[in-house]
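Step one of this worksheet: look at the structure below.
No value in this document is a laboratory result; all are computed from the given coordinates. The structure displayed is predicted, hence computed values, not measured ones. Here Cβ is always computed from backbone atoms with ideal geometry, including for glycine, and neighbour counts include all displayed protein chains.
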Amino acid sequence: MLILTVPMGEEYYDEKKKEFFFPEEFTLELEHSLASISKWESREEKVFLSKDEKTNEETLAYIRDMVLTTNVPEAVFDNLTKANLDLVNEYIGKKMTATWFTENSQRRGAPEIITAELIYYWMVSHTIPFECQYWHLNRLITLIRVCNEKNKPQKKMPRQSVAERQRQLNQARRAKHGTRG
């Protein structure tokens, strides 16, 4: 979860009191999750997880979809600062896990377009509970990748390796029992 502090106005200097005054602040709680992306994609009718740049309006719409705080005044979104937006973008890009994968260098074809529905499909196919849709998206994707890795079929040993292993086992048994075969 990301907690943003949004200033609700500009700071000003009071000549009479000879001091600076800072505006009130509003605390905004955000979560970059599958649920947020699903809301955004259903309204915008386009893929969120693409390399295409989002317009300012699309970005603000996604921030609205990420909000967990209740009863947020509309003025809060008008007062988001560049620093606030930078924090949101940094948060969206965070890995949010210590898990890592080695990438397969022999990929074929074009990359798959990942939509909210596809991620929901992955969750269903791996029996991942739907409450995980509220996790940080990168953490959920990592869980899905872990499920994929664990469900891969075991690689078969080459015939030559199987035969060599069998010879070693037979030789060990003959030595143990003092026989020749």
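The H on the amide N of E25, modeled in the peptide plane, is under 5 Å from the matching H of M8, each at least 5 residues off or on a different chain. Hey, in the GNM for the chain with a 10 angstrom Cα cutoff, which one of N170, N151, N138 fluctuates hardest? Highest fluctuation among the options: N170. Between E24 and E117, what's the calculated FRET efficiency when r is the beta-carbon distance and R0 is 35 Å? Round to 0.05. For R0 = 35 Å, the calculated efficiency reads 0.30. For the chain, what's the relative contact order in percent, using C-alpha pairs closer than 8 Å and at least 6 residues apart? Once normalised by length, the contact order is 25 percent.
Length gained on full extension, E10 to E164: 47.7 nm, using 0.36 nm per residue less the C-alpha separation. Once C-alpha pairs closer than 8 Å and six or more residues apart are averaged by separation and normalised to the residue number of the stretch 1-81, the relative contact order reads 36 percent.
Angle of helix 159-177 to the longest C-alpha principal axis of the chain, folded into 0 to 90 degrees and rounded to 10: 60°. Over the chain, dividing the summed -39,500 (n - 2.57) contributions of all DSSP H runs of at least 4 residues by the number of residues returns a 222 nm mean residue ellipticity of -14000 deg cm²/dmol.
Relative to the longest principal axis of the Cα atoms of the chain, the long axis of helix 34-44 makes an angle of roughly 60 degrees. Any of K16/K82; K54/K94; K156/K176; K54/K95 with alpha carbons more than 22 Å apart? Name them for me. Beyond 22 Å: K16/K82; K156/K176. Taking 17 Å as the cut-off, the amide N atoms of the stretch 145-161 that come nearer than this to a point 7 Å along the Cα-to-beta-carbon line of A172 belong to 161.
So for the stretch 54-158, averaging the separation of alpha carbon pairs under 8 Å that are six or more residues apart and normalising by length, what relative contact order in percent results? Over the stretch 54-158, the number comes to 27 percent. Extension gain, N151 to A83, is 20.3 nm, computed as 0.36 nm per intervening residue step minus the present C-alpha separation. Between V162, T127, N148, the Cα set farthest toward the positive side of the dipole of the stretch 119-167 (charges on each charged residue's Cβ, about the Cα centre) is that of V162.
Taking label positions 7 Å along the Cα-Cβ direction at both E74 and F101, the computed distance is 4.2 nm, reported to one decimal.
On full extension, the segment bounded by T179 and E58 gains 35.8 nm, given 0.36 nm per residue less the C-alpha separation.
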